[in-house]
């Protein structure tokens, strides 16, 4: 009876594939199965997987008929593990390029069995570059063992989770199945951690047992979707904001289907979905504000780098003194200390040479004062202005204009012309 299954989705593992598989097979806890699903690799990774399957009976290799993409291959690994080992209690995802300590699985099994409410156990981890000694990132410590209520667990998970590292922990298989395994959304690991927190607690082992290889930057949303849906169009809902996608899935899973346990009913699950929508909107708004601030400060930083110095730009804050409070920053400044006298550079034992006296500067001749009379004699007071003469008598009104000549007599109407005399009618000629 196999209680633990490790599933590793593989796609063009390359030079790091052998090191990842060997670190998993070298675990001190040996009662587990290793399921390897090849998603159509083209670099010879499948032949490498078959070689390990022939050497160790715990290794089971599957090859997908077509390209499933990242999320599809992660889901297939879990489904194959449940079909091979129906009695599976614990499941963990692995990768084709990371490295695990030999005590990784044993420590996680002890942490999971120590408390029945633990649904995910994971160790401390570091992110490294080409070599494990080249550490580029170290996530902080986080677990929810001390959280008693649902709201406290969810809020702690929202603010403290390092989803990219925690997703490679050891799950309770039934809790992972109730969370939908791995969803076809943007940032599926973040959604899985938040939904899983509604089912139980997280336990972190305080030992560095997982080494995650980080040789490239975080992919953009467009590149992430291309890896999720290779060779086909992405669904229309993936164009929505990521927090709205997650909230809709939480509403379906916790509110409508009631998949959560531990007294989380459907009404409470719907409230959790609405709360996630509000938290996600606020997080994205703050992120956009920070991006705009960085874009505004980019020219200043570029100029500082070109000049060979670093300029730290801090936001201005008001310095108004409050009643009874400390004085403002300007008032609290101390006067500048006087400059110390320069040390004497004369060698010891020699008398200091006297400084040559400064040559006297001849006095410049006094410039003649312009307008000397005006400056010597006092100005006479101004005479008052004579009063303005009285206005002349008002002008006599103009004589009225002579009346216009009498209007012309109207012309006599024209006499009608005499009518022309009527022409005499010609008499008809007498017949001959």
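The values are calculated or read from the model by the stated rules, or taken from the named source; none is laboratory data. Everything numeric here is computed off the predicted structure, so don't read it as measured data. Virtual Cβ from ideal backbone geometry, glycine too; neighbours counted across all protein chains shown.
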*Within the stretch 238-267, can you find the residues that are part of a helix (DSSP H, G or I) and in contact (Cβ under 8 Å) with a residue 24 or more places away in the chain?*
238, 242, 243, 244, 245, 246, 247, 248, 249, 250, 253, 254
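Suppose we filter the stretch 1-32 for residues that are touching a strand residue (DSSP E or B) at 6+ places or on another chain (Cβ under 8 Å) and in a helix (DSSP H, G or I); how many remain?
Step one: of the stretch 1-32, the residues touching a strand residue (DSSP E or B) at 6+ places or on another chain (Cβ under 8 Å) are 2-11, 16-17, 19-21, 23-25, 27, 29, 31-32.
Filter once more, keeping what is in a helix (DSSP H, G or I): 16-17, 19-21, 23-25.
Final tally of qualifying residues: 8.
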*Condition test on residue 22, is it in the same structural domain as residue 105 (by TED's automatic domain parsing), farther than 20 Å from residue 209 by Cβ, surrounded by fewer than 21 Cβ atoms within 10 Å (Cβ to Cβ) and without any contact (Cβ under 8 Å) to a residue 40 or more places away in the chain?*
no
*Could you please let me know if residue 153 is over 24 Å from the mean Cα position of the chain (by Cα) and within 16 Å of residue 275 (Cα to Cα)?*
yes
*asked:* Which condition from (1) under 24 Å from residue 91 (Cβ atoms); (2) in contact with a helix residue (DSSP H, G or I) (Cβ under 7 Å, 6 or more places away or on another chain); (3) loosely packed, with under 15 Cβ neighbours inside 10 Å is the one that residue 257 breaks?
replied: (2)
*Only residues that are in contact (Cβ under 8 Å) with a residue 40 or more places away in the chain and part of a helix (DSSP H, G or I): list them for the stretch 201-236, please.*
227, 228
_Looking at 134, 156 in this structure, which one is in contact with a strand residue (DSSP E or B) (Cβ under 7 Å, 6 or more places away or on another chain), assigned by TED's automatic domain parsing to the domain that holds residue 223 and more than 24 Å from residue 82 (Cβ to Cβ)?_
134
